[in-house]
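One structure is given here, and the rest of the page talks about it.
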Amino acid sequence: MLIVMDSKATPEDIEHVCEVIVRLGYEARPIPGGQRTAIGLVGNDGSVDPGRFVGLPGVRDAIQVSAPYKLVSREWKQENTLIRLPNGALIGDGNVCMMGGPCSVESEAQIEESAKVVAAAGGTVLRGGAFKPRTSPYAFQGLGEEGLRHMRAAADRHGLAMVTEAIDLDSAAMVARYADVIQIGARNMQNFTLLNAVGRLDKPVLLKRGMAATIKEWLLAAEYVLRGGNEQVILCERGIRSFDDSTRNVMDIAAIAVAKARSHLPVIADPSHGTGRRNQVRALAMAAVAAGADGLIIEMHPRPEEALSDGAQSLYPDQFHSMVEDVARIADAVGVKLSTTG
Ligand code: PEP
Ligand code: MN
């Protein structure tokens, strides 16, 4: 950390900051400049809060030089983290893992039809929510354990792995009994109690980026899970809030490249929530793969007009098929493949 002093800071102010650094157990290294002095705090392990310095007499700013996360960083681990699901699907090996399915599990028949489409199109992971974090308390909240049961059976019948969301500690324990991957949704990205809980589980975690989270905050959320002992985290960019309401969210394609550069964890993209409109999903799915995404998670419904959630962004089955073909062409162009379970 670098503590930048005001140009009017007195020698006593500088001395005081150095004393605070030493009292915290670190080394203080003043760097006098033409206009002002900066003081290096040497030996920071990420636990020093810049707020300890901002507000002290003569201090203009305290700047974190190193990333505040460790276990998720490429500096800590250079090689890509590889996640292997029970059906043989690999995430993080450089290829593109295709995940698809409805926003919500609505019935045994609906999730069965969905699983059939995903498998036939070459997908390897079935998505679908049984616990739905809805903006309105009057909106469909999900089928709960019944939905998990139907989804597990449908996934198994079609050789798919299964990813579904947990929204609290109780649902996390239940989801862990059925699913192959536990999804933590955008609204819960900073639910630290939930992150600690899934950090203690031996199941991969798909961590969505919060809708107003910086990349640093997203990686710090992943750090909670790794710190708990669970190193199997998949990061998922799903769009962020912005001033423009032309799309539901702003799909941050750059975040895919940034997260992959900063972290060894696999990064996938969710262009369904990223755009909110089915006619934009294909373009953003292709863009995400071109940007280096390790996978895609796409909402698809057998009859989107009947969907109990997110129908407007859910692809029709034939659109899902053709999107997979288009994505395969982009994958080929950038020297990767769509992953298979074989
Ligand atoms: C979902 O995957 O259906 C979902 C609720 O996603 P997000 O948390 O990204 O909004
Ligand atoms: Mn959804």
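The values are calculated or read from the model by the stated rules, or taken from the named source; none is laboratory data. Every value quoted in this text rests on a predicted model; they were computed, and no experiment measured them. Heads up, the Cβs are rebuilt from the backbone with ideal geometry, glycines too, and the neighbour counts pull from every protein chain shown. In case anyone asks, the SASA skips ligands and DNA or RNA and just uses the protein heavy atoms, side chains included. Shrake-Rupley method; radii C 1.70, N 1.55, O 1.52, S 1.80 Å.
What to note about this one:
- Test: residue in the stretch 84-96 that is open to solvent by less than 20 Å² (accessible area, probe 1.4 Å), more than 30 Å from GLY292 (Cβ to Cβ) and in contact (Cβ under 8 Å) with a residue 40 or more places away in the chain: no
- Taking the listed residues VAL327, VAL267, the one that is open to solvent by less than 10 Å² (accessible area, probe 1.4 Å), over 26 Å from VAL225 (Cβ atoms) and more than 16 Å from ligand 2 (Cβ to nearest atom) is VAL327, with no other qualifying.
- Hits in the stretch 188-207 - residues which are open to solvent by 10 Å² or more (accessible area, probe 1.4 Å), outside any helix (DSSP H, G or I) and within 12 Å of ligand 1 (Cβ to nearest atom): ASN191
- Filter result for VAL336 (outside any loop (DSSP other than H, G, I, E, B) and over 21 Å from ALA221 (Cα atoms)): no
- Subset of the stretch 9-52 (residues that are within 34 Å of the chain's Cα centre (by Cα) and in a strand (DSSP E or B)): GLY40, LEU41, VAL42
- Among the residues of the stretch 287-317, those that are among the acidic types (Asp, Glu) and within 14 Å of ligand 1 (Cβ to nearest atom) comprise GLU299, ASP310.
- Apart from one condition, ILE297 fits all of (1) within 15 Å of ligand 2 (Cβ to nearest atom); (2) closer than 18 Å to ASP93 by Cβ; (3) assigned to a loop (DSSP other than H, G, I, E, B); the exception is (3).
- Any hit, the stretch 216-230, residues being in a helix (DSSP H, G or I), within 16 Å of ligand 1 (Cβ to nearest atom), touching a residue at least 12 places away in the same chain (Cβ under 8 Å) and over 24 Å from LEU90 (Cα atoms): yes
- Residue check for GLN319: open to solvent by less than 30 Å² (accessible area, probe 1.4 Å) and in contact (Cβ under 8 Å) with a residue 24 or more places away in the chain: no
- Of the helices (runs of 4 or more DSSP H) lying entirely inside the stretch 105-183, those containing at least 3 residues that are touching a strand residue (DSSP E or B) at 6+ places or on another chain (Cβ under 7 Å) and in contact (Cβ under 8 Å) with a residue 60 or more places away in the chain are 108-121.
- When VAL59, VAL72, VAL4 are screened for being surrounded by 15 or more Cβ atoms within 10 Å (Cβ to Cβ), under 30 Å from GLY292 (Cβ atoms) and in contact (Cβ under 8 Å) with a residue 40 or more places away in the chain, only VAL72 passes.
- As a summary of the residue check, ASP45 satisfies the conditions (1) touching a residue at least 60 places away in the same chain (Cβ under 8 Å); (2) more than 30 Å from TYR178 (Cα to Cα); (3) open to solvent by 50 Å² or more (accessible area, probe 1.4 Å) except for the one numbered (1).
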